[in-house]
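Note sheet for the following structure.
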Amino acid sequence: MAIPPSLAVRVVVSFVALLSLAGCTSAPAAESEPEPTATVEPSQEPEPEKTAGPDDVLFTVSANVRAIDGTTLGISLTGRKPIASTDRAASTLVGAFVEQCVALEGRSVSDVSTPISDESLATFGSSLMRIDLASSPEGEAFVAPVDLVLGSPYYAKVASGDNVQAVDTTDTCTGRYQITGSGSGTAITNYESGVTLPNLGQWAYGHYGFTVPFESGATIEACRVVVSELAEPIVEDVPGWDPGSDATGISCGIGYRGE
């Protein structure tokens, strides 16, 4: 059945009107999703780097001695890891050793015709060992001078400080030293390999500590020695190393006694 033209016109007009009405009505805007935001953590101060300072202590020898007034004084000797004389870190030790040994007209133990100098130390493979001396309370005199044992008798050493004095000297600086009272001081023992390459283990063939002559009437008591973890693997392979039984009442020490 055919649709009357008038009805068709009304349907089209109505449809157009609906489209126009729909176009005039704004569709609700879609809500935009919030942009993700970064989570800000509270600022923290960086932790300081934990580094342990270099510990170069090889051993410590300590004991008690008597002062003239009868009071007890503590004495100690601390040996530190040797440094090659050509090492930049050894410049202060080299300067002090050369100055003191030259004052004694010192010559190299490797070649007694060669005067001590920075150059001779380098030529003969020098390694310098610093030994710290201390006793307290300060300002006291001992009943008798205490002899210092500062390594091997065959190698040069120098010592200086409060109440430190030379017992005898040699032109190879292999003399002996003692302390007559409390205070602080420093000794430097010079080991030479005889060739340009130093042997940093030579110190293990030295003896270190204190002693007093029997006839002096003085005593050395409460002897105590401590070997560090740094030194243990070195000395355990040295036949004749005394781990600290050198406590006789007139001596206290540690080191090489001979095979």
TODO: Please verify whether the stretch 70-93 includes one or more residues that are open to solvent by less than 60 Å² (accessible area, probe 1.4 Å), at positive phi and over 18 Å from the mean Cα position of the chain (by Cα).
DONE: yes
- [ ] Examine the stretch 166-184 for a residue that is assigned to a strand (DSSP E or B) and touching a helix residue (DSSP H, G or I) at 6+ places or on another chain (Cβ under 9 Å), and state whether such a residue exists.
- [x] no
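Here's the yes/no breakdown for (1) open to solvent by less than 40 Å² (accessible area, probe 1.4 Å); (2) free of Cβ contacts under 8 Å to residues at least 24 places away in the same chain; (3) assigned to a loop (DSSP other than H, G, I, E, B):
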{"site": "210", "(1), (2), (3)": "yes, no, no"}
{"site": "219", "(1), (2), (3)": "no, no, yes"}
{"site": "222", "(1), (2), (3)": "no, no, no"}
{"site": "237", "(1), (2), (3)": "no, yes, yes"}
{"site": "243", "(1), (2), (3)": "no, yes, no"}
{"site": "249", "(1), (2), (3)": "yes, no, yes"}
{"site": "255", "(1), (2), (3)": "yes, no, no"}
TODO: Run residue 217 past the list (1) under 15 Å from residue 65 (Cα atoms); (2) at pLDDT 90 or above and report the number of the one that doesn't hold.
DONE: (2)
TODO: Output the residue which, of all residues in the stretch 147-165 that are among the hydroxyl-bearing types (Ser, Thr, Tyr) and part of a loop (DSSP other than H, G, I, E, B), is surrounded by the fewest Cβ atoms within 10 Å (Cβ to Cβ).
DONE: 154
Open item on the list: Please verify whether residue 161 is free of Cβ contacts under 8 Å to residues at least 40 places away in the same chain and under 23 Å from residue 82 (Cα atoms), treating the condition exactly as stated.
Closed with: yes
- [ ] Please find, among 107, 130, the residue that is open to solvent by 60 Å² or more (accessible area, probe 1.4 Å), modelled with pLDDT of 95 or more and within 27 Å of residue 226 (Cα to Cα).
- [x] 130
Open item on the list: Can you find, within the stretch 185-201, the residue that is farthest from residue 74 (Cα to Cα) among those that are outside any loop (DSSP other than H, G, I, E, B) and among the polar types (S, T, N, Q)?
Closed with: 190
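The values are calculated or read from the model by the stated rules, or taken from the named source; none is laboratory data. Computed from a predicted structure; not experimentally measured. Cβ sites come from the backbone with ideal geometry, for glycine too, and all protein chains shown count toward neighbours. Areas reflect the complete protein model, heavy atoms only, side chains present, ligands, DNA and RNA absent. Shrake-Rupley method; radii C 1.70, N 1.55, O 1.52, S 1.80 Å.
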